[in-house]
1. Inside the range 33-60, can you point out the residues that are part of a helix (DSSP H, G or I) and either crowded, with 18+ Cβ neighbours inside 10 Å or modelled with pLDDT of 95 or more (or both)?
2. I'd like to verify a number: residues in the range 99-127 that are without any contact (Cβ under 8 Å) to a residue 40 or more places away in the chain, assigned to a strand (DSSP E or B) and buried (at least 21 other Cβ atoms within 10 Å of the Cβ), how many?
3. Would a scan of the range 212-234 turn up a residue that is surrounded by fewer than 22 Cβ atoms within 10 Å (Cβ to Cβ), closer than 20 Å to residue 139 by Cα and over 17 Å from the mean Cα position of the chain (by Cα)?
4. Just one of the numbered conditions (1) modelled with pLDDT of 95 or more; (2) in a loop (DSSP other than H, G, I, E, B); (3) touching a helix residue (DSSP H, G or I) at 6+ places or on another chain (Cβ under 6 Å) is not true of residue 143; which one?
5. For the range 155-179, enumerate the residues that are under 13 Å from the mean Cα position of the chain (by Cα) and either more than 24 Å from residue 206 (Cβ to Cβ) or in a loop (DSSP other than H, G, I, E, B) (or both).
């Protein structure tokens, strides 16, 4: 059976790397996530990753507490660079070749983001990890995922979360919450379903870029999405 997609972008939150820890990077957790990503890469699917930094530093939260928001956001971008390097190192340990491209210039540890090079890496079968969000404050890594997804001409953006899709309410707090199998971008925006922030959803809607929300902690879920099986919640026009 052939994969349903040839080129995808996975949005991975920083919090996903914490496991059960209070902050930082849990080694066993990042290894488990890399196993899921590797399985898909070895199917021949071209894989890009946008990674967040919330396990190390949350710019939005610090901005709300009185720190200058732009400064806090730049600090958050640097946290995503740390996560990207950790992800690259975990991939190296299992024999997966990856490249980190950063929207902020940190030349000693990562390449600058260059669209043409990133596209070439994907075509060569390398995993491309995008760090530092969009490189601009006031934009989330969700928005960076939508933007990079469009620039890389991916067929779908896959948002890897701790829950297996989008629910009518928080499934951890409401036993009656049910999972949506499909949504439109308009429904997600109007009902404020917290799929992604409104800017990211609007970008995906306007460019007709499908989005799937799934659990990265559900074994094999990423592969099932890529193979076109029913998994998670799809958001389309």
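The values are calculated or read from the model by the stated rules, or taken from the named source; none is laboratory data. The structure displayed is predicted, hence computed values, not measured ones. Note: ideal-geometry Cβ built from the backbone for every residue, glycine included; neighbour counts use all protein chains shown.
1. As a first pass, look at the range 33-60 and keep what is part of a helix (DSSP H, G or I): 33-41, 59-60.
Those that are part of a helix (DSSP H, G or I) and either crowded, with 18+ Cβ neighbours inside 10 Å or modelled with pLDDT of 95 or more (or both): 33, 34, 35, 36, 37, 38, 39, 40, 41, 59.
2. Taking the range 99-127 first, the residues without any contact (Cβ under 8 Å) to a residue 40 or more places away in the chain are 99-102, 104-117, 119-121, 124, 126.
When the remaining residues are screened for being assigned to a strand (DSSP E or B), the result is 99-102, 111-112.
Filter once more, keeping what is buried (at least 21 other Cβ atoms within 10 Å of the Cβ): 100-102.
Number satisfying all stated conditions: 3.
3. Checked the range 212-234: no residue is surrounded by fewer than 22 Cβ atoms within 10 Å (Cβ to Cβ), closer than 20 Å to residue 139 by Cα and over 17 Å from the mean Cα position of the chain (by Cα).
4. Result: residue 143 fails condition (2) only.
5. Let us first name the residues in the range 155-179 that are under 13 Å from the mean Cα position of the chain (by Cα), namely 156-162.
Passing the criteria: only 162.
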